[in-house]
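Participant: Before I ask anything, here is the structure I am working with.
The values are calculated or read from the model by the stated rules, or taken from the named source; none is laboratory data. Everything numeric in this text was worked out from a predicted model, so none of it was measured. Please note: Cβ atoms are built from the backbone with ideal geometry, for glycine as well, and neighbour counts cover all protein chains shown.
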Amino acid sequence: MASSGKKKTTMAKLTRESRLRERRLKKQAKKEARKHAPPDHLDSPGGAPNATTTEAANPRAGQAALEPVAQPPAEVD
């Protein structure tokens with residue numbers, strides 16, 4: 001049987017619903033991208049460098065590089 005012919009949903013509602021669907025799809029895509037991305041842990045060893053490691057690794061011109069803290073073991077005869 002055919003419909004009565006009168007459209008019951010307004011264009012404004014249809015556009016709101018389509019925007020909502022698009023937002024949900026984008027959100028799901030972001031979630032999937034985060035899920036498959038490599039972990040980004042800042043507090044793990046070898047993570048993002050902080051200001052002190054950056055300065056120590058790249059001394060400016062005219063400045064001496066920092067010396068290592070650990071001393072080599074003494075040789076035993």
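Participant: Does Thr15 fit the bill of being modelled with pLDDT of 65 or more and in contact with a helix residue (DSSP H, G or I) (Cβ under 9 Å, 6 or more places away or on another chain)?
Facilitator: No: the conditions fail for Thr15.
Participant: Further question: For Arg23, indicate whether it is within 24 Å of the chain's Cα centre (by Cα), at pLDDT 65 or above and outside any loop (DSSP other than H, G, I, E, B).
Facilitator: The answer is yes for Arg23.
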